[in-house]
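Trainee: Pasting a structure below so you can have a look.
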Amino acid sequence: MCSVEEDIEDISKYSSNLRSKTLKEYRNLHKCKKCDLKSLVLLQKKDPFCKTCFFEYCSHKFRSTIGKSKKIKHGDKVLLACSGGRKSVALLHMTKETLAFATAKQISFIPEILFIDESISSPCLEENRNHNFYSIVKELKSYGYPVLYSSLEMVCKMNDNQEFFWNCENFDSAEDFPVCCDSQNCLKESMAGMSLSVKLDYIKHLRLLLMTEIASQAGFNHVFVGDTSCSLAENLLNDMNLGRGSQISADTNFYDTRYKVTVCRPLREFLNKEIGFYLHLNNCSYTVLPDLLTKTDAKSSIQRLTENFITNLQKDFPATVFTIFRTGGKLLKQDGVLGTETCLLCRSKLDNIELDACSALEALKLSEHLSKNSIPVIEESENILLKSSDGENLDLSRFLCHGCSIPFRNNKKGFQLHPLLKTAYVRMKRIEMKEEIKDFLINDNEAS
């Protein structure tokens, strides 16, 4: 039989072992995992660092991410896209520190800064627009690199052979920032009637298009953006929800070659938590401007819902965030399924050319058509999509991918007004007109 004394003795041994184990773990968390000094930062619950070792950890991760890609060469001109927020300021500071202590064998490139005014997308910014942006540009100038300026509505001027970006050295006051009211009105009208999720996705691709066009015009080899692992995980889930499954790999890899200039993501191995610690310990000042998601409900858009999900995931299971975005680089669509033409907005290969009547895209088109029209009586093997009266919306597939065509399906006016799509609309109407009068045209063979 068991005695009470033995039970008490066993419990006391167990409790003392547990207490000593907990105390040991507590002491280990207060020691840097590299130098055994007092820790100041705790990453992923079991990675304590002192201040010096944490900076070395961030610097090594930043340099190794750039070096492993083997895309950046010595002397390349790199355009740093900076909005003045947390991620872009961290990107700018890490770049400056890396180049300041780079040895002869390490990669050395020539950086410049690009700031894009996105006040047109947020009514909250229009009040003190010039004052806010002048303070941000002034802070960016303090890093010692040239600063270029443009605004989101300047995407309307790209094909007009007009100036759509400026050097901030010529800006001496807040009133010197140029404003184009015609371009603002044009972009606002093209976004009229869009839902919040669609509008955010639309602005994101316009921003990328404008950045790469500026980099191409100014002679840059690469564009650096401040996408972290959390941002890329959000991009992956957003792409799946917004009909951009074929673009997941390009949106999550280190480099994106869809545009005229390669887009690189050197912060893709960093969590948002690590970025926050880095800025705090370096006393870096940054500005968080309101956007379309400011003060919105958690279920107001797909992007906001995804952001909350990834944020909670980073808090409880930080390693899972890396698993999500690294999986995205392996999700490739076969080249035979994609078209040879590229989308006018996102520059991806067209993904809506499938001839398979049983594909998910064809099923989506069919359900959309039936929800707008009465169900017709059709013969067997007859394709209902070819008899759609909404020909203009279906013809968007000639110029836009499935994801980029969503904003204009119920907004024909926006498609006609958008400057990048205006030429495509004229070309589409000419093709339709030619089809209507083809029986009355005389071919060269018949004339001879």
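Trainee: Using only the Cα atoms of region 138-238, construct the convex hull and provide its projected area averaged over every direction, in square nanometres to one decimal.
Mentor: 8.4 nm²
Trainee: So how far apart, in nm, are the two label points at N167 and L361 if each is 7 Å from Cα heading toward Cβ?
Mentor: That separation, rounded to one decimal, is 4.5 nm.
Trainee: If you don't mind, another one. Want the number for K73 to K33: 0.36 nm per residue separation, take away the alpha-carbon distance, what's left?
Mentor: Length difference between fully extended and current span is 11.0 nm.
Trainee: If R₀ is 25 angstrom, what is the calculated FRET efficiency for the pair L370 and E432, using the beta carbon separation as r and rounding to 0.05?
Mentor: Efficiency computed from Cβ-Cβ geometry: 0.55.
Trainee: Using 1/(1 + (r/R0)^6) with R0 = 51 angstrom and r between the beta carbons of A102 and T294, what's the FRET efficiency to the nearest 0.05?
Mentor: It comes out at approximately 0.85.
None of the figures in this text is laboratory data; all of them are computed from the coordinates on show. What you see is a predicted model, and the numbers here were worked out from it, not measured in a lab. Note: ideal-geometry Cβ built from the backbone for every residue, glycine included; neighbour counts use all protein chains shown.
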